[in-house]
């Protein structure tokens, strides 16, 4: 049985649950089927044995701790239904959040300050009905005083502690509340939860037992909510594939484990942004705003068409054009314009040019058609201007014609980005009369300065938990200046920073490899000599093998 997600309603600024959000039988079924609810199960059995006439004499305050707030609400609903059905009463469960004021204003039973101008008169009346339980959600910072305890009224105190921080206020409750812990340490049958989800959605999984076992083993934390999210991702992958039958395939599980693993790559604060791309990022954000407004006008019937946009990313290599294109796709997904940011395709000449007449057009049609079928997406054409150069073939020209036609056929659904050197992109746009007119925007990328490349190098190092001493600054600046001079127009910008980092790590390994004792500091610090030696290796190779200073002759 899948665990439902329970959300709070709101009236007059006060939040509440309706018992109908999860009926009595449903709540009990969840509790009795999940091992982590064993303490709640024991409480329910005790409540079942208490006569209705004696129920008022039983403990009416419950202190519930849970790892997940939804688990706590399920426990509350199960306990509430056990009481309400015996008393033949069903009302509202009023929730006071920790952010709301919890001090008394005098007069029983209106013990809490609540807005009195709420339009929901029935709800406001329920606030004064002592048969309606109150739920207090606590945090490790909440200070709860004994004055808020209401006699003869069912109350639930819920704690979902952040990082298991102790709260001295909880001690005040333990003496006057029946404590119920939802034990997240209890082992649920994770595999059964996963396969139950597939069963409910009518999918066959007989051929993917190994993939299921591997996925269950890798999921962390292994609670029901994470497992169910992983199951949804598997089904999503299947639906985006070519298979129409409801039989899960091994490829449906690819990449899912990585999404739900507890080990996430550490990122420094500097690596969260794209260094040196402030102007380009600002322009992309402006384009996204324009696209989202156009989509909103179309959805509201103000405009009769939504054309999306196609763009040119013009600039030298290594300036994060692909990275920014991926971020553009992710934002389109967030805005609901395409179904999934994973529907991002990097396309080069070999992906679309066929071997005989008609083959190329079919490949291009298939590329656009499949992306549209999957809910839209972004095609990133990298250095595709080779299709229009002097040595281009009849198949190359067919590819340009097919791309242009499909851009028209799938506008508003498939977004195209063409990337490469500015001068070559201009030549490419001139090769077909309809191509340039279909480009809504051009984003120009500038090469990075040496100072920016030093910052990028430090960011790459920090993301891999390396420290860079200050005395390395001169070595870095000198390297980028000399390499830029050697490579000229072929200088790779950000790629050069990454290549230097990879080489510097190798030099570090050679330096400390023979040490008898290797400390954490040695493993996380790139010394100036590591960077200097790596720089000289790269520069030496450039001058000998391919730079503009290469000497040819006898």
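Quick note on region 277-444: its Rg to Rh ratio, both from C-alpha atoms and Rh being the Kirkwood radius, is 0.96. Taking only the alpha carbons of region 450-545, we obtain Rg and Dmax values of 13.3, 46 Å in that order. Calculate the FRET efficiency for residue 258 and residue 502 from the Cβ-Cβ distance with a Förster distance of 22 Å, rounded to the nearest 0.05. That pair, residue 258 with residue 502, gives E of 0.50. Please find the FRET efficiency linking residue 449 to residue 346, where r is the Cβ-Cβ separation and R0 is fixed at 25 Å, and quote it to the nearest 0.05. Efficiency at R0 = 25 Å is approximately 0.35.
Taking the number of Cβ atoms within 10 Å of each Cβ as an exposure proxy, the fewest-first ranking of 225, 73 is 225, 73. Pairwise alpha-carbon distances in region 190-259 exceed 20 Å for 16% of all pairs. At q = 0.20 Å⁻¹, what base-10 log of I(q)/I(0) does the Debye formula yield for region 24-73 when every alpha carbon is treated as an equal point scatterer in vacuo? Here the Debye-derived log intensity ratios amount to -0.79. Sort out for me the Cα centre separation of region 1-65 from region 273-296, rounded to whole Å. So the two Cα centres are separated by 47 Å.
Every read-out reported here was derived from the displayed coordinates using simple, explicitly stated rules and does not represent laboratory data. The structure presented is a predicted model; accordingly, all values stated were derived computationally and were not measured. Note that we place each Cβ from the backbone using ideal geometry, even for glycine, and neighbour counts take in every protein chain shown.
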